[in-house]
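Have a look at the structure below, then the notes.
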Amino acid sequence: MNPAGHRVKAVLFDRDGTLVHDVPYNGDPDRVRPVDGAREAVALLRAHGIRVGVVTNQSGVARGLISDGDVRRVNRRIDDLIGPFDVWAVCPHGPDDGCHCRKPQPGMVLWAAGRVCTGPADCVVVGDIGADMEAAERAGAHGILVPNDRTRPEETAAAAHVAPDLLTAVRAVLDGPPTGRVLANERPGEAAGGPRATTPADGPGAVRIPPATAPGPGAFAPGHASGDGSAAAGTERTRAAGDSRGRSS
């Protein structure tokens, strides 16, 4: 049980491997493919009044493999398919540039939280690798790892909270920050790439997942971005710093 009044105010997602299938250094909007449940997960958060954002490393810019415009075009496509998102934080730096924004540094998480007027303690970062979880911890936010086939076993073992998919992760934070080591899955024993998912009946450490909530009218309406990456309808679009994968790019 979470303390009364302590609720999650914002969820910040990693981009590649978390919201969309990872295409290294992708500069082509036509190659964007959302992961299963991504659109529903974002809509569910918005229906509950929780702000949503993206924090993504994009070192392909620093490496000269993609342009800043390429990143914006891909992000707009993601906004159209999954969003709208309230804030985008993108790190274009390389791993040796010494910036404070590239995950696992906490800069993007802190910046994005500030843009949606939320303290990091009221934010959850959802990602697929250890750098996402480390950035959350350094910022003072909560982290939930959603493993995939590229997540290292040691990253799953080290994560404070693990969920088998995005919808499970999102449903676990609707009433407050995550509290269990392995978040419960509605399909027992089907954790993706991590430890076996427990059901709520498995005892202490499992988080009780609320039933799916139908989003309200318009919850699935896509966002529309302008040519410079700023979104309509009050959605904040900005660029802070990062890379396609916190590991190899």
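General remarks:
- Annotation note: Cβ proximity below 7 Å between a residue of region 100-129 that is under 14 Å from F13 (Cα atoms) and a residue that is hydroxyl-bearing (S, T, Y) (sequence gap 6+ or interchain) occurs for V126/T18; G127/T18; D128/T18; D128/T151; I129/T151.
- Residue, nearest to E154 (Cα to Cα), within region 114-132, restricted to residues that are among the small types (G, A, S) and open to solvent by 30 Å² or more (accessible area, probe 1.4 Å): A121
- Here H100 meets each of (1) under 18 Å from D128 (Cα atoms); (2) surrounded by fewer than 21 Cβ atoms within 10 Å (Cβ to Cβ) with one exception, condition (1).
- Of the residues making up region 138-184, those that are touching a residue at least 40 places away in the same chain (Cβ under 8 Å), among the acidic types (D, E) and surrounded by fewer than 19 Cβ atoms within 10 Å (Cβ to Cβ) are D149, D175.
- Residue in region 5-21 that is farther than 22 Å from A172 by Cβ, outside any helix (DSSP H, G or I) and modelled with pLDDT of 95 or more present: yes
- For A135, the stated conditions do not hold, so it cannot be described as open to solvent by less than 10 Å² (accessible area, probe 1.4 Å), out of contact with any strand residue (DSSP E or B) (no Cβ under 6 Å at 6 or more places or on another chain), under 20 Å from L174 (Cα atoms) and hydrophobic (A, V, I, L, M, F, W, C).
- Of residues in region 35-94 being in contact with a Leu (Cβ under 9 Å, 6 or more places away or on another chain) and of a type in the set (K, R), the one surrounded by the most Cβ atoms within 10 Å (Cβ to Cβ): R51
- Residue within region 180-191 that is modelled with pLDDT of 65 or more and either β-branched (V, I, T) or within 17 Å of the chain's Cα centre (by Cα) (or both) present: yes
The values are calculated or read from the model by the stated rules, or taken from the named source; none is laboratory data. Here the structure is a predicted model, which is why all the values come from computation and not from measurement. Cβ atoms come from the backbone with ideal geometry, glycine included; neighbour counts cover every protein chain shown. Areas reflect the complete protein model, heavy atoms only, side chains present, ligands, DNA and RNA absent. Shrake-Rupley method; radii C 1.70, N 1.55, O 1.52, S 1.80 Å.
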